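Written below as structure tokens is the structure these notes are about.
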Amino acid sequence: MADKKIIAVVGATGQQGSGLVKAILADSSGGFAARAITRNPDSDKAKELARLGAEVVAGDVDNEASLAQAFAGAHGAYCVTFFWDHFSPEKEKAQASAMAKAAKAAGVKHVIWSTLEDSRKYIPLDDNRMPTLQGHYKVPHFDAKGESDRVFSDLGVPTTFLLTSFYWENFISFGAGPKKGPDGALALTMPLGDKKFPSIASDDIGACAYGIFKQGDAYIGKRVGIAGEHLTGAEMAAALSKALGQTVRYNEVSPDVYRSFGFPGADDLGNMFQFNRDFSDMFCAARSLDVSRGLHPGLKTFSAWLGENKGRIPLE
């Protein structure tokens, strides 16, 4: 590892971080080494990364000092938060600040910050097209990340701002996949109308991030958006139907109906889908498929991802 540039990866056992660690480890001649940062180095996932060749170190996004220590000596750092652990935009902003300050203190040469748009720049808080949540946000899990962009900029941290997309693993582990109705038929329920929706395989987020690190300074200070495909709800349902061998219909509902479903975060996700629907052209333009494929030539389509993962999707 001494002759390789170390990339310190926050959330290394999560969806995005593990994809980056695996991409680094798969490229043995790439000149980079993976340092996996996790709260629990003794977890099964952390031990598996160590077995694959990653350096595994302890670090906590709620503890700036632990992050600074974990970043020490690293050339690059991948910084990501996971809103759904706590549903708190304030906590997410504090974690982003801790990562930015730790990267600054450690002298990291290139940070990738996994971010999203601040929806309030497009839909002000007093705009009644969409309910305001938690008093200060339209799409809390977007807005906290977008607001945190300036922390990295204001500190002068050399940062690439990576705009990610909805990942297809949400159909497996986040309850977003097809559900059986009273008639036993499967339906994919999303309030997207007929608009295109950027989405991606989570491993490909990490692989695209690795592509950015390999470009050196070319993307520092820039915003880069990535997606595997831009698909409508009907197109996703058709792909699911083909892969699963049974009909999946697209169940288009209004954002109001989606927000009323009542599961934790339904209001946030209802607003997210509405934001994506109402500004679909902007979202897709910001997430170029050509740029994504240039960063990671092995970028998967939804159909290819389904070919590998269809058996993991719970059909309730």
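The values are calculated or read from the model by the stated rules, or taken from the named source; none is laboratory data. As the structure is a prediction and not an experimental result, all values here were calculated from the model. All Cβ positions, even for glycine, are placed from backbone atoms using ideal geometry, and neighbour counts span all protein chains on display. Please note that ligands, DNA and RNA were not included when accessible areas were found on the heavy atoms of the full protein model with its side chains. Shrake-Rupley method; radii C 1.70, N 1.55, O 1.52, S 1.80 Å.
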What percent antiparallel are the DSSP beta bridges of the chain, to the nearest 5?
-> 15
When the chain is fully extended, how far beyond the present Cα-Cα distance does Asn128 get from Asp154, taking 0.36 nm per residue of separation?
-> 6.2 nm
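Any chance you could run the full-extension gain for Asp183 through Ala50? It's 0.36 nm times the residue separation minus the Cα-Cα distance, nm to one decimal.
Values: separation 133, 0.36 × 133 = 47.88 nm, distance 4.73 nm.
Contour length minus Cα-Cα distance gives 43.1 nm.
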Sparse-neighbour loop sites [trypsin sites (Lys or Arg not before Pro); the range 117-205; at most 16 other C-beta within 10 Å; DSSP] = Arg129
Checking Phe82, Phe174, Phe283 against a Gaussian network model of the chain (alpha-carbon springs below 10 Å), the top fluctuating residue turns out to be Phe174
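Out of all DSSP beta bridges in the range 103-236, what portion is antiparallel? Express it as a percent rounded to 5. Spell out each step's value before the answer.
Working: 6 of 16 bridges.
Around 40 percent antiparallel, to the nearest 5.
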Leaving out ligands, DNA and RNA, what percent of the accessible area of the range 111-157 is carbon and sulfur, probe 1.4 Å?
-> 48
Do you know the relative contact order of the chain, to the nearest whole percent, from alpha carbon pairs under 8 angstrom that are 6+ apart?
-> 16
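Tell me the per residue accessible area of the chain using a 1.4 Å probe; a whole number in Å² is fine. Walk me through the numbers before you get to the answer.
Details: 13250 Å² over 316 residues.
Per-residue value: 42 Å².
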Everything considered on the Cα gyration tensor (a ≥ b ≥ c; rounded for a/c under 1.5, else prolate if a/b is larger than b/c, else oblate), the chain must be described as prolate
Label point at Asp194 placed 7 Å out along Cα→Cβ; residues across the range 218-232 whose backbone nitrogen lies under 14 Å = 232
Can you flag which of Lys47/Lys101; Lys222/Lys242; Lys4/Lys104; Lys91/Lys180; Lys45/Lys195 are past 32 Å Cα-Cα?
-> Lys222/Lys242; Lys91/Lys180; Lys45/Lys195
Reachable aspartates and glutamates, given that their alpha-carbon falls under 16 Å from the alpha-carbon of Lys22 and they are not under 8 places away in the same chain = Asp44, Glu48, Glu55, Asp203, Asp204
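Before anything else, pin down the relative contact order of the range 179-230: Cα pairs under 8 Å, at least 6 apart, normalised by residue count, whole percent.
Details: 26 pairs, mean separation 21.7, N = 52.
Reported as a whole number, the value is 42 percent.
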